[in-house]
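Comments concern the structure below.
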Amino acid sequence: MKINLANIKKATKILNKDECVAVPTETVYGLAGNAYSDKACKKIFKIKRRPMNNPLIVHYYNHQDLKKDCIFNNEFIKLYKKFCPGPITFILDLKKDSKISRIVTNNSKTLAVRFPKHPITRDLLKKLNYPLAAPSANLSSKVSAVNSNDVKDDFGKKIKYILEGGKSSIGLESTIVDLRNKPQILRLGGLETSLIQKVLNKKVKINNNPLRVSSPGQFKLHYSPGIPIRLNFKKLKKNEAYLLINKKTETKSNYYFLSKNGNLKEAAKNLYSILRKIKKNKHKSIAVSKIPNKGLGKTINDRLMRASKF
Ligand code: AMP
Ligand code: MG
């Protein structure tokens, strides 16, 4: 998608006034504000109705910009070189003199950081003289937004501006990796764990269901379309939508296909739009057929499992 400089200028102007702007990223749309401003960050929580104890991810143009705020380590450098910009979020220690608003981190001494790949948001980040705190641009605990219409559906006039960037190319949130001690994955996401392990040359623990939740993305009941989801069903119910990974020869009006041929990347990209569509079409619940638990299928299954705790 072409970069429209007038749109970026408009977004910059609004952000400079400590207001929020929805921005496109390759994972999902973000609800962005100046990460150095308490006022802007408070607004993000308020608009999203997000609990204040659920910290935000801060988005940077590059590692140079991050140097002011976080302490680097070797593993971060390895992963940054290989995957950034891209769908990976790092948990790092904050520097003592960092200007990041305490609202972002809920007073914690750690920060979640990411370098988004979408060219429009990269251009915006390059021009700003502060990083952007940006959680997913959806109401808290609901399905993320993958295009500007999803954002409008959730927030209407509550946000001043949506920077148009087309449909998110990955369609799932970033993979969160905690690099403070032994690396561990806190949230499965758009970057496969196996690729992270390859670069670090070691097995990385997936701390997806810990006793002590350190990342609310691990909470159950998240990513919910607002109607029940059944994973291990025997028989379809009346007025139930049927979510399948593979297009069948037999199709019915209540069948929804994540992919034509079982392609997991395509399925990931379509997942949230289809969940929103099913809700709009007034189905009362969703039954899900088995999705292969490999590669991005693991992230898709993780999201559906959490959404099924409705
Ligand atoms: P979202 O922006 O909606 O994709 O959610 C961001 C995720 O990052 C949430 O699950 C947060 O709990 C998690 N997160 C943000 N900051 C931290 C942090 N310092 N430590 C652990 N998890 C974090
Ligand atoms: Mg979210």
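The values are calculated or read from the model by the stated rules, or taken from the named source; none is laboratory data. What you see is a predicted model, and the numbers here were worked out from it, not measured in a lab. Note: ideal-geometry Cβ built from the backbone for every residue, glycine included; neighbour counts use all protein chains shown.
When the range 110-126 is examined, which residues are found to be touching a residue at least 60 places away in the same chain (Cβ under 8 Å) and either of a type in the set (V, I, T) or under 21 Å from N54 (Cβ atoms) (or both)? Break it down into steps so the answer makes sense when it comes.
Of the residues in the range 110-126, the ones touching a residue at least 60 places away in the same chain (Cβ under 8 Å) are 110, 112, 114, 116-126.
Those that are touching a residue at least 60 places away in the same chain (Cβ under 8 Å) and either of a type in the set (V, I, T) or under 21 Å from N54 (Cβ atoms) (or both): T110, A112, R114, P116, I120, T121.
Need the failing condition index for L200 against (1) within 15 Å of ligand 1 (Cβ to nearest atom); (2) more than 20 Å from N293 (Cα to Cα); (3) among the aliphatic types (A, V, I, L, M), just the number.
(1)
Tally up the residues in the range 243-264 that are outside any strand (DSSP E or B), over 25 Å from A137 (Cα atoms) and touching a residue at least 40 places away in the same chain (Cβ under 8 Å), please. Give the steps one after another, and end with the answer.
Filtering the range 243-264 for residues outside any strand (DSSP E or B) gives 245, 247-254, 258-260, 262-264.
Pick out the ones that are also over 25 Å from A137 (Cα atoms) and you get 245, 247-254, 260, 262-263.
Now drop any that are not touching a residue at least 40 places away in the same chain (Cβ under 8 Å), which leaves 245.
Qualifying residue count for the region: 1.
Starting from the range 141-162, take each residue that is more than 22 Å from A307 (Cα to Cα) and list its partners that are within 14 Å of ligand 1 (Cβ to nearest atom), counting only C-beta distances under 6 angstrom and pairs at least six apart or across chains.
Close Cβ pairs satisfying both conditions: K158/I47; I159/C20; I159/A22; I162/A22; I162/V151.
For the range 8-44: of the residues being under 15 Å from P55 (Cα atoms) and assigned to a helix (DSSP H, G or I), which is nearest to ligand 2 (Cβ to nearest atom)?
Quick first cut of the range 8-44, residues under 15 Å from P55 (Cα atoms) only: 30-38, 40-44.
If we keep only those that are assigned to a helix (DSSP H, G or I) as well, we get 38, 40-44.
Numbers: D38: 21, A40: 18, C41: 16, K42: 18, K43: 17, I44: 12 Å.
The qualifying residue nearest to ligand 2 (Cβ to nearest atom) is I44.
Being among the hydroxyl-bearing types (S, T, Y), over 18 Å from L172 (Cα atoms) and surrounded by 15 or more Cβ atoms within 10 Å (Cβ to Cβ) is true for just one of S273, S259, S285, S308. Which residue is that? Lay out the reasoning, then the answer.
Numbers: S273 fails: over 18 Å from L172 (Cα atoms); S259 fails: over 18 Å from L172 (Cα atoms); S308 fails: over 18 Å from L172 (Cα atoms).
Criteria check complete, one pass: S285.
Give the residues of the range 53-74 that are at pLDDT 95 or above and surrounded by fewer than 19 Cβ atoms within 10 Å (Cβ to Cβ), sorted by residue number.
First pass over the range 53-74, keeping only residues at pLDDT 95 or above: 55-74.
Hits for the range 53-74 are N62, H63, Q64, D65, K67, K68, I71, F72, N73, N74.
Could you tell me whether the range 7-17 includes any residue that is more than 21 Å from the chain's Cα centre (by Cα) and over 26 Å from K167 (Cβ atoms)? Spell out the reasoning first.
So the first thing to find is which residues in the range 7-17 are more than 21 Å from the chain's Cα centre (by Cα), and the list is 7-10, 12-14, 16-17.
Still in the list and also over 26 Å from K167 (Cβ atoms): 16-17.
Yes, because at least one residue in the range 7-17 is more than 21 Å from the chain's Cα centre (by Cα) and over 26 Å from K167 (Cβ atoms).
Return the total of residues in the range 89-116 being under 25 Å from T299 (Cβ atoms) and either more than 12 Å from ligand 1 (Cβ to nearest atom) or among the aromatic types (F, W, Y) (or both).
2
Which ones in the range 222-246 are over 18 Å from N293 (Cα atoms) and among the charged types (D, E, K, R)?
Passing the criteria: K234, K235, K237, K238, E240.
Considering only residues that are touching a residue at least 24 places away in the same chain (Cβ under 8 Å) and of a type in the set (S, T, N, Q), look in the range 54-99 and name the one that is nearest to L200 (Cα to Cα).
Per the criteria, the residue is N73.
Quick check on my filter: what residues within the range 84-93 are of a type outside the set (D, E, K, R) and either assigned to a loop (DSSP other than H, G, I, E, B) or surrounded by fewer than 19 Cβ atoms within 10 Å (Cβ to Cβ) (or both)? Even if it seems obvious, please write down each step before you answer.
Taking the range 84-93 as the starting set, the residues that turn out to be of a type outside the set (D, E, K, R) are 84-92.
Matches in the range 84-93: C84, P85, G86, P87.
For every residue, the table says whether it meets (1) in contact with a helix residue (DSSP H, G or I) (Cβ under 8 Å, 6 or more places away or on another chain); (2) part of a helix (DSSP H, G or I); (3) surrounded by fewer than 18 Cβ atoms within 10 Å (Cβ to Cβ).
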position	(1), (2), (3)
N232	no, no, yes
A241	yes, no, no
E266	no, yes, yes
K277	no, yes, yes
